[in-house]
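The values are calculated or read from the model by the stated rules, or taken from the named source; none is laboratory data. Predicted, not measured: the structure shown is a model, and the values here were computed from it. Note that each Cβ is placed from the backbone with ideal geometry, even for glycine, and that neighbours are counted across all protein chains shown.
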Amino acid sequence: MKAAAKPAAKQVVAQPSAQERYRMVETAAYYIAERTNFAGCQAEHWAQAEREIAEKLAE
């Protein structure tokens, strides 16, 4: 008789430090601005980048 398969262990992923998170948002904001040819509001680009990073980090 085969043993029942064990459920996969949940992998623990460390959250980035505040400085790492800042750099992630900064980079994302740059690419968002680049997509719009650097037109628009920097604060809006930053806010969008924060939302995207938060979503990727599942916060």
Exercise for the section: Being closer than 15 Å to residue 18 by Cβ, loosely packed, with under 14 Cβ neighbours inside 10 Å and at pLDDT 95 or above is the filter here, so list the residues in the range 45-59 that pass it. Expected result: 54
Practice task
Please tell me if residue 14 is in a loop (DSSP other than H, G, I, E, B), loosely packed, with under 10 Cβ neighbours inside 10 Å and without any contact (Cβ under 8 Å) to a residue 24 or more places away in the chain.
Solution key: yes
